[in-house]
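This report concerns only the one structure given below.
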Amino acid sequence: MRVRFPRRPFLRIDLHTHSSYSDGVLTPAALIQRAALCAVSTIALTDHDEMGGVAEASSVARGMGIRLISGVEISVSWRAQTIHVVGLDVDPEHVLLAQGLAGLREARQVRALKIGEQLCAAGLPDITHDMATGAGNSGALGRGHFARALVASGRAKNAAEAFRRFLADGKPGFVSQKWSELDQAVGWIRSAGGFAILAHPERYRISRPITKALLEDFKLCGGHGIEICRGDPGVAAEQIRSARQLGFMVSGGSDFHGPGAGSCDLGNVAAIHADPAAIWLHQDFGRHCH
Ligand code: AMP
Ligand code: MN
Ligand code: MN
Ligand code: MN
């Protein structure tokens, strides 16, 4: 199906999105169809610790004249924090990356069982079994799946409440997890020929000095760029300044998880199109696209 692009001042770029291969709602094909409707001409699929959706997204995108960047969002433990590193334009077949992600998905399966047990112990119904056998689930099970199951069973009115009451740190369903190391995650991305981008730096609950230390560490590990905040122009300006100081490129993504109230739609990214450090201007960007 070829979709007509709506009239928009420019075609948009979105380098952070999720499908049903992790905690997104839409299948890769439906995601690409929505990208066309949102006038997004270049989109990266960046599922959590999983690249299984890239082939489907890529074949649908090709038929619609959309550029699909193969991507992934890797879970990392840095100091006491969980942080996310987005890999863009990686070779999805690269063995080191594929093995690293497989290990993280195994950890996710084990964690999901523990989350399920803890929720049961807190008097909630057993939702793990339905989730683990759910259609389209290839193993990157996460708290997003639990949040949806809790909403579907009437235990929370929306995902935000499910996190607040059951899944956030300190709540009955929280299981602390050791993910990959920062240098490992960046190493996997680099060896797969991709660009390593620190995802949503404004979302980590860390002070300014610790954020600065994170950015410096990320640079030392070989990180290429940082994702610029789409919501708050003041935060975005500060992040762009930090990027300049440390020699990072800048990237933008919606972190779209599905259509619906409160969630941000495809193409809703920071206004960095004119920035010379935008990652999509890099000469090697997009070389794994077919
Ligand atoms: P996980 O990697 O399994 O720990 O899950 C992290 C994911 O949970 C994030 O990528 C978001 O999609 C989702 N998430 C985290 N916090 C919230 C929240 N407060 N409300 C809704 N979704 C959230
Ligand atoms: Mn998510
Ligand atoms: Mn993230
Ligand atoms: Mn994400």
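Rule-based calculations on the coordinates, nothing more; no lab input. Note that the structure is predicted; figures quoted are calculated from it, not measured. Glycine also receives a Cβ, built like all others from the backbone with ideal geometry; neighbour counts cover every protein chain displayed.
Miscellaneous remarks
- Each Lys and Arg Cβ is given +1 and each Asp and Glu Cβ -1; about its Cα centre, the chain then shows a dipole of about 700 debye.
- The chain: calculated mean residue ellipticity at 222 nm from DSSP helix runs of at least 4, using -39500 (n - 2.57): -11000 deg cm²/dmol
- For region 1-114, alpha-carbon Rg over 2.2 N^0.38 Å: 1.14
- Under the criterion of Cα pairs below 8 Å and six or more residues apart, the relative contact order for region 216-266 equals 34 percent.
- Within the listed set Ile206, Ile127, Ile197, the Gaussian network model of the chain (springs between alpha-carbon atoms below 10 Å) gives the highest mean-square fluctuation for Ile206.
- The chain, relative contact order [Cα under 8 Å, separation at least 6], %: 21 percent
- P(r) tail fraction, region 190-281 - alpha-carbon pairs more than 18 Å apart, %: 45 percent
- Extreme residue, positive dipole direction of region 218-257, given options Gly252, Gly231, Cys221 (C-beta unit charges): Cys221
- Global form of region 166-216, assessed from the alpha-carbon gyration tensor, a/c cut-off 1.5: oblate
- Cleavage-rule hits, trypsin sites (Lys or Arg not before Pro), region 186-239, DSSP coil, Cβ neighbours within 10 Å at most 16: Arg205
- Rg to Rh quotient for the chain, alpha carbon positions, Kirkwood Rh: 0.95
- Electrostatic dipole magnitude of region 55-199 [Cβ: Lys, Arg +1; Asp, Glu -1; Cα centre; debye, to 20]: 500 debye
- DSSP beta bridges confined to the chain are antiparallel in about 45 percent of cases.
- If you take the alpha carbon atoms of region 137-227 and fit the smallest convex hull around them, that volume is 131 Å³ per residue.
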